[in-house]
Number of protein chains: 2
Amino acid sequence: MPADDGRVAALDRVLELTVLLGRDMAASLAASGLTVARTTLLWHLRAGPSTQRALADALGVSARNVTGLVDGLAESGLVSREPHPADRRATLVTPTPRGQELLDELARGQAELAGQLFGGLSRERLDGLVSVLDEVLERLRPLVPGGAAS
Amino acid sequence: MPADDGRVAALDRVLELTVLLGRDMAASLAASGLTVARTTLLWHLRAGPSTQRALADALGVSARNVTGLVDGLAESGLVSREPHPADRRATLVTPTPRGQELLDELARGQAELAGQLFGGLSRERLDGLVSVLDEVLERLRPLVPGGAAS
DNA sequence: CCTGCACCGTGAAGTGTCTTCACGGTATCG
DNA sequence: CGATACCGTGAAGACACTTCACGGTGCAGG
């Protein structure tokens, strides 16, 4: 069935892309003494401080795991735990000034990577790529538990 | 710079796709009692038996790690270690009949996923996607250490 | 008020994926 | 025959995850 071949070829490209991108991120983060999981948690703090429970839900991991990740980030001086003003059970995780600097740097690195990957593409091809990926994501989301999480 | 926005938007899509696909694979494999790393190793055995050294290079991990992964797969009865006919230092990792069955099943699952993700796309859009991804991969490969590995 | 239940975060224990370093066995080349 | 490079693995350890159990807190309902 030749119709299938094109689809499997596309999936192969996507799979290789995920592998390569994953390695690239892990390597560049490791150069800064970071790990992917901790950085992902920090990244979710751009919008502002957050409860560990909320972070666990957002990342799709157990609350216990968030405790460990925050431990590591706090030890590196990137986030701080502060008491929740209204709920004494919860703790608010907040980026420190150093964490904020790092977040800005991460955003710059992301823009740079985007430029390296998609820099020479015409407007049409780029728009086409985004629209196809949106369509694929729309189909993939319901297949994955917690796919609605951003 | 609005030109940058489109590129970052594309990268966002790719990143979300990575996360979702990773979860989907991990979940469906876990349902079969497998893990991603072990299955990846098994997947590289489709072409035939292989030395652990060769597997380490192909997967981009340390030789020690391959020992552990093969241990797990052997314990599950999916691969077997056999002496290399010409080099008594090396061991050849070979899929067992059960491992072969599993490989066939994995290939079917991959084709099914490709159908679910890209099924309704027109020939043009699918070809466009593959060509854009090939171009992006071409740029990404040199950025990643070991990017030449398949 | 105060009792029961749901919730927040964390200690304990365990699995899986990875690493580096050291070592014994083997191939190979001079 | 001997130096050297290579193959796989033991030992020890880092990190990302999990479930289960427990103490502290919030929030009703009686």
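Applying 1/(1 + (r/R0)^6) with r as the Cβ-Cβ distance of B:ASP134 and B:SER32 and R0 = 25 angstrom yields a FRET efficiency of 0.20. Considering only the Cα atoms of segment B:34-119, their convex hull presents on average a projected area of 6.0 nm². Helix B:2-31: angle to the longest alpha-carbon principal axis of chain B, degrees 0 to 90, nearest 10? Helix B:2-31 and the main axis of chain B meet at about 30 degrees. For the protein assembly as shown, the extents of the C-alpha atoms along the principal axes are 67, 45, 34 Å, listed from largest to smallest. For A:SER50, nonlocal amide neighbours, meaning residues 5 or more places apart or on other chains whose placed amide H falls under 5 Å from its own, are A:VAL93.
Could you give the Stokes-Einstein D for chain A in µm² per second, using the C-alpha Kirkwood radius, 4 °C, 1.567 mPa s? Each step should come with its number before you reach the end.
On the way: Rh = 17.9 Å.
This corresponds to a translational diffusion coefficient of 72 µm²/s.
Compute the long axis of helix A:123-140 from its Cα atoms, compare it with the longest principal axis of the Cα atoms of chain A, and write down the angle in degrees, 0 to 90, nearest 10. Tilt relative to chain A: about 70 degrees.
Label-point spacing at B:ARG141 relative to the other copies reads 3.4 nm, in ascending order, each point sitting 7 Å out from Cα along Cα→Cβ.
A simple charge model with +1 on the Cβ of Lys and Arg, -1 on the Cβ of Asp and Glu and nothing else charged puts the dipole of the protein assembly as shown at about 800 debye relative to its Cα centre.
Which angle from 0 to 90°, rounded to the nearest 10, does the C-alpha axis of helix B:97-118 make with the longest principal axis of chain B? In chain B, helix B:97-118 runs at an angle near 0 degrees to the longest axis.
Could you work out the helix-only [θ] at 222 nm for the protein assembly as shown, with each DSSP H run of four or more residues adding -39,500 (n - 2.57) and the total divided by the number of residues, to the nearest 500 deg cm²/dmol? Spell out each step's value before the answer.
Values: 12 runs with 198 residues, N = 300.
Helix-only estimate at 222 nm: -22000 deg cm²/dmol.
Reported to the nearest whole Å, the Cα centre-to-centre distance from segment B:109-136 to segment A:10-63 is 25.
In a fully extended conformation the segment linking A:GLU105 and A:ARG89 would gain 2.5 nm over its present Cα-Cα distance, using 0.36 nm per residue.
Values in this text are rule-based calculations from the coordinates and carry no lab data. If you're wondering where the values come from, they're calculated on a predicted model, not measured in any experiment. Heads up, the Cβs are rebuilt from the backbone with ideal geometry, glycines too, and the neighbour counts pull from every protein chain shown.
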